[in-house]
Amino acid sequence: MGLLTEHELDMYRTRFLCSLDKLAKGLINNTVSSDKLYRMTGINAFSGHKKEAADSLVQDMVVKEYVKLGTRREIMLTDKGLEWCNENCE
């Protein structure tokens, strides 16, 4: 099990994906730093473990096929992720 519980993943996934959609300007394959994205979401519950929390969220979204990994610590929306964002983000 990662740093985040299933409940925490569910709780933060929407905020993380909607922030990614905003930073990626609603485009698939537009890379965004996962660290910058984590800071933008304002998740403060994991002080001292921010990188691990961001990694847990990214891994969850990769498994669900909402994002794919870029180079270094960059991620990008997939078609499935963009569709999810269009349905769930304001």
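The values are calculated or read from the model by the stated rules, or taken from the named source; none is laboratory data. Note that the structure is a prediction, hence the values are computed from the model and not measured. FYI the Cβ positions are ideal-geometry reconstructions off the backbone, even for glycines, and counts take in every protein chain you see.
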- Of all residues in segment 1-37, how many are assigned to a loop (DSSP other than H, G, I, E, B) and either modelled with pLDDT of 85 or more or more than 14 Å from residue 55 (Cβ to Cβ) (or both)? 9
- Task: Tell me which residues, restricted to segment 1-34, are β-branched (Val, Ile, Thr) and either closer than 12 Å to residue 57 by Cα or crowded, with 16+ Cβ neighbours inside 10 Å (or both).
- Result: 5, 14, 31, 32
- Of the residues that make up segment 54-70, is at least one of a type in the set (Phe, Trp, Tyr), under 19 Å from residue 10 (Cβ atoms) and touching a residue at least 60 places away in the same chain (Cβ under 8 Å)? no
- Note on the structure: With the first residue restricted to segment 23-47 and required to be of a type in the set (Asp, Glu), and the second required to be modelled with pLDDT of 85 or more, Cβ contacts under 8 Å at 6 or more apart or on different chains are 35/73
- Under 8 Å by Cβ, and 6 or more places apart or on different chains, what pairs join a residue from segment 79-90 that is over 12 Å from residue 68 (Cβ atoms) with one that is assigned to a helix (DSSP H, G or I) and among the acidic types (Asp, Glu)? 85/21; 89/21
